[in-house]
Amino acid sequence: MAIRPGARPADPVPSAPAPAGPVLLSGLVGPVSPPDPVPARARRRRSWGWLVVLGLAVVLVGGGYGTYAITNFAATSAYAEQIAAGSAVGTLTIPRFGDDFAVPVLAGTSLATLRQGVGWYEGTAGPGEPGNFAVAGHRLGWGQPFAKLGSLEVGDQVVVTASGKTFTYAIITGPTVVRGTATDVLAAVPGGPGRAPTKALITLTTAATVLPSPDRLIVVGELV
């Protein structure tokens, strides 16, 4: 458009500022990324914070497992003493857990008892008797005799030696998670409290996970 005489020239049209970063050229260069809203100093502080948290986690976990290693050593020493002294109800062996797996079965399920072996739930049947011979053991620490309980399969054997006799059970119910309040799994007929037993069973119980949990992992075997 021409400029009229005497008219004030129009203000020049400001040119667009040059782009500050890469521009999109026929798809050869990607779109401009928005600037990072977090200053570099803040990013460094955040990174150090995560490193501190990670370091504390490593120390706690490492220290925890170190403590478990110490308790395992103490417990396995107690196992040998209990078996040698003949003060246990019996001895439990599970072939799938290895030829050297032999744990004393002690009366009761208190924490002190479970630090020396596996515990027989008093009030349940004895080894080889009709009913349910129920046994508890740690999954982590203090010898962790039932650390591999979840690996048992139907047909695996559980052997209990007591009073000079050997009782062999075959797993009939593989690893199952139940609530810690489900005491009916300890009944003479599991799941059927009050019913008269016609079979000799064994129920092994432990924590459902290696972390604290209200649930329990169980397996059930039948005398063969």
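Please work out the Cα convex hull volume for region 154-213 and give it in Å³ per residue.
Taking the convex hull of the Cα positions in region 154-213, it is 120 Å³ per residue.
Below 14 angstrom from the Cβ of residue 150, what's the summed charge of the other residues (Lys, Arg +1; Asp, Glu -1)?
Here the count lands on +1.
Around residue 173, under 12 Å between beta carbons, what's the net of Lys plus Arg minus Asp minus Glu among the other residues?
Result for the local shell: -3.
With the cut-off at 21 Å, report for region 105-177 the share of all Cα pairs above it, as a whole percent.
So the pairs more than 21 Å apart make up 28 percent of the total in region 105-177.
Between 132, 84, 183, whose Cα lies farthest towards the positive end of the dipole of region 73-223 when Lys and Arg beta carbons carry +1 and Asp and Glu beta carbons carry -1, centred on the Cα centre?
183
Specify, per residue and in Å³, the volume enclosed by the convex hull of the alpha carbon atoms belonging to region 73-223.
In region 73-223, the Cα convex hull volume per residue is 101 Å³.
Can you say what percent of the DSSP beta bridges in region 73-223, counting only those with both residues inside, are antiparallel? Round to 5.
75
Over region 73-223, what is the mean sequence separation of C-alpha contacts under 8 Å (at least six apart), divided by residue count, expressed as relative contact order in percent?
22
From the residues 168, 107, 207, which one has its Cα farthest along the dipole of region 73-223 in the positive direction, the dipole being from +1 and -1 charges on Cβ of Lys/Arg and Asp/Glu about the Cα centre?
Most positive-ward Cα: 207.
Which ³J(HN,Hα) values in Hz, rounded to whole numbers, follow from the phi angles of region 118-128 under the Karplus curve 6.51 cos²θ - 1.76 cosθ + 1.60, where θ = phi - 60° and Gly and Pro get x?
Once θ is set to phi - 60°, the couplings for region 118-128 become 9, x, 7, 5, 5, x, 8, 4, x, x, x Hz.
Taking neighbour Cβ counts within 10 Å as the exposure measure, how do 73, 97 sort from fewest upward?
Final ranking by Cβ density, sparse to dense: 73, 97.
Any read-out appearing in this document is the output of simple, stated calculations on the displayed coordinates, not a laboratory observation. This one's a predicted model, so the numbers in the text were calculated from it and none came from an experiment. Quick reminder, even Gly has a Cβ in these numbers, built from the backbone with ideal geometry, and neighbours come from all protein chains shown.
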